[in-house]
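Quick notes on the structure that follows.
What follows draws every value from the coordinates through simple rules; no lab data is involved. Predicted model, so just to flag it, every value in this text is computed and none were measured. Heads up, the Cβs are rebuilt from the backbone with ideal geometry, glycines too, and the neighbour counts pull from every protein chain shown.
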């Protein structure tokens with residue numbers, strides 16, 4: 001889902017996209033060869049006959065039409081602000097699954113959350129005091145302050161700022177629609193400016 005400035009703001013279900021399209025709150029962005037970046041309202045989209053082979057379709061009682069991959073909202077022009085939930089998964093994602101003491105990448109099951117300043121020494125359970133650590137480093141640091149253990153985190157822990165589609169930081173992944181690449185990974189060579 002793009003805002004009216006064509007910036008990615010969210011991922012929504014096909015049902016939600018079709019509802020927004022039907023209510024004229026959004027338009028479909030054409031993402032295949034002959035329709036690249038053309039916009040369609042509900043009426044023109046369901047009448048579109050030429051789509052790429054293998055593209056998913058929606059069947060109704062009397063018709064079938066292409067499933068939209070990208071919609072652009074007609075009125076919403078902001079990037080929504082949102083607080084990120086404090087959770088184990090979000091801490092691991094913030095630290096990129098890298099132990100903040102030894103610098104090695106691990107699987108989720110091999111990582112712990114460590115209080116940089118231990119709780120019994122006044123440390124809070126917050127974004128600014130929790131880091132991702134491997135079991136070995138967590139055991140080695142124990143209940144000590146970073147100076148006592150001589151183990152300072154590689155990066156200062158901070159609360160992450162919310163970014164729309166943050167889970168796409170690695171680009172278009174398996175299961176994500178290829179046409180999203182235009183909006184998630186823009187490159188200077190793929191963008192042409194008009195005169």
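Structure summary
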| read-out | value |
| --- | --- |
| Sorted by Cβ neighbour density within 10 Å, fewest at the top, the residues 74, 139 | 139, 74 |
| Residues 148, 89 arranged by fewest to most Cβ contacts within 10 Å | 89, 148 |
| Sorted by Cβ neighbour density within 10 Å, fewest at the top, the residues 64, 137, 12 | 64, 12, 137 |
| Spatial separation of Cα centroids for region 123-146 and region 1-76, in angstrom | 47 Å |
| Cβ-Cβ FRET estimate between residue 64 and residue 38, R0 fixed at 25 Å, reported to 0.05 | 0.80 |
